1. Within the stretch 255-274, is even one residue among the acidic types (Asp, Glu) and in contact with a Lys or Arg (Cβ under 7 Å, 6 or more places away or on another chain)?
2. What pairs can you find where one residue is in the stretch 241-266 and within 12 Å of residue 231 (Cα to Cα) and at pLDDT 95 or above, the other is among the hydroxyl-bearing types (Ser, Thr, Tyr) and open to solvent by 10 Å² or more (accessible area, probe 1.4 Å), and their Cβ atoms are less than 7 Å apart, with a gap of 6+ or different chains?
3. Report, by residue number, each residue of the stretch 226-236 that is without any contact (Cβ under 8 Å) to a residue 40 or more places away in the chain and either closer than 14 Å to residue 187 by Cα or β-branched (Val, Ile, Thr) (or both).
4. Residue check: is residue 201 hydroxyl-bearing (Ser, Thr, Tyr) and touching a strand residue (DSSP E or B) at 6+ places or on another chain (Cβ under 8 Å)?
5. Restricting the stretch 96-134 to residues that are of a type in the set (A, V, I, L, M, F, W, C) and part of a helix (DSSP H, G or I), which is modelled with the lowest pLDDT?
6. Which numbered condition in (1) under 17 Å from residue 266 (Cα atoms); (2) part of a strand (DSSP E or B) is the only one that residue 231 fails?
7. Quick check, is residue 270 at pLDDT 95 or above and open to solvent by 80 Å² or more (accessible area, probe 1.4 Å)?
8. Take residue 149 and tell me if it is more than 32 Å from the chain's Cα centre (by Cα) and at pLDDT 90 or above.
Amino acid sequence: EAAYVLCSRFCNVLIFLATADCFPQMELISDSSRAELHAAIHQYLATCGFEGIAADFFEAAGLESQLPPPTEEMLVKRWICVSRLQTKMSRLESQLDEQNRQLQTYGSISVKKSSPEATIQSRPSANFVAHRRSVTALAFHPLFCLIATASEDCSIKLWDYLGASEAGGGKSDGGEGGEVKLERTVAAHTDVVNGLCFDPSGSRLASCSNDLTVKIFEVGGVELRRTLFGHDEPVSGVLFVGGGERLLSCSRDATIRLWETETGFCIRTFRGHTEWVRAIAVPPCVHSGGSSWRGGGGGG
């Protein structure tokens with residue numbers, strides 16, 4: 001009985017909404033859509049067993065005797081869609097509130113705690129200015145404060161940055177940073193120098209270039225020790241392995257070559273790539289000298 005009274009009141013509300021013209025939202029619904037809505041409400045009431053209420057709504061809404069068949073359970077499906085949309089909107093509103101809260105919190109922290117001591121200093125500790133074109137590669141000496149740089153100007157330059165590391169934030173003649181000293185300029189290649197690498201002892205420096213060669217220098221006097229020929233395209237990378245007894249090089253000719261540094265002999269050619277090989281990387285144990293890199297093997 002209580003359920004019937006509740007349903008009756010619900011029906012009275014539906015009847016009032018169906019016949020009222022005072023709601024501006026009703027003007028947004030076309031006549032055909034309003035007819036489909038009324039038919040769906042009538043179907044819902046009749047399906048749920050409220051025949052009396054359905055008959056009252058049928059008469060109040062002015063429905064025709066031959067109702068167009070509404071979509072099956074249309075009212076229920078639309079109500080489920082509305083409920084899901086409301087849940088999703090509630091979740092999105094909560095996320096938006098959280099984002100705004102975090103933005104306000106982090107904004108206040110950045111304003112209150114920003115100070116020269118708390119921010120990362122972006123000033124360089126040293127400036128290296130000597131190359132005439134773009135710098136393409138850089139290598140640190142494993143023992144001393146020595147840097148080797150390569151450039152598109154076909155040269156290799158060796159720098160002593162001991163003064164820069166000691167000066168820290170001091171200034172050099174060229175601007176910000178500590179003093180650096182250009183020790184030597186090496187002009188051995190005839191095209192762009194692409195890569196550099198010191199051996200583990202720091203006694204030798206290898207370079208590679210677009211002139212298709214790999215060169216090995218003695219670091220002490222910066223003397224050219226060997227020039228390695230074999231690649232058919234520009235050489236893009238070099239790497240000492242096996243404790244410095246072997247040297248790997250990669251090239252645009254899609255190959256990797258393993259060289260014996262003492263004799264300059266190509267021990268092996270690795271094929272398998274179909275495009276330009278731009279860089280080489282090996283496990284740390286290989287740098288110190290692995291048996292697989294000390295052994296022989298036929299040239300490829």
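The values are calculated or read from the model by the stated rules, or taken from the named source; none is laboratory data. Keep in mind it's a predicted model, so treat the numbers as computed, not measured. Here Cβ is always computed from backbone atoms with ideal geometry, including for glycine, and neighbour counts include all displayed protein chains. These accessible areas exclude ligands, DNA and RNA; they are computed on the full protein's heavy atoms, side chains included. Shrake-Rupley method; radii C 1.70, N 1.55, O 1.52, S 1.80 Å.
1. yes
2. Listed pairs, sorted by first residue: 250/236; 251/236; 252/236; 254/274; 255/269; 257/269.
3. 227
4. Taking the combined requirement at face value, the residue does not satisfy it.
5. The qualifying residue modelled with the lowest pLDDT is 111.
6. With (1) under 17 Å from residue 266 (Cα atoms); (2) part of a strand (DSSP E or B) applied to residue 231, the lone miss is (2).
7. No, not satisfied.
8. no
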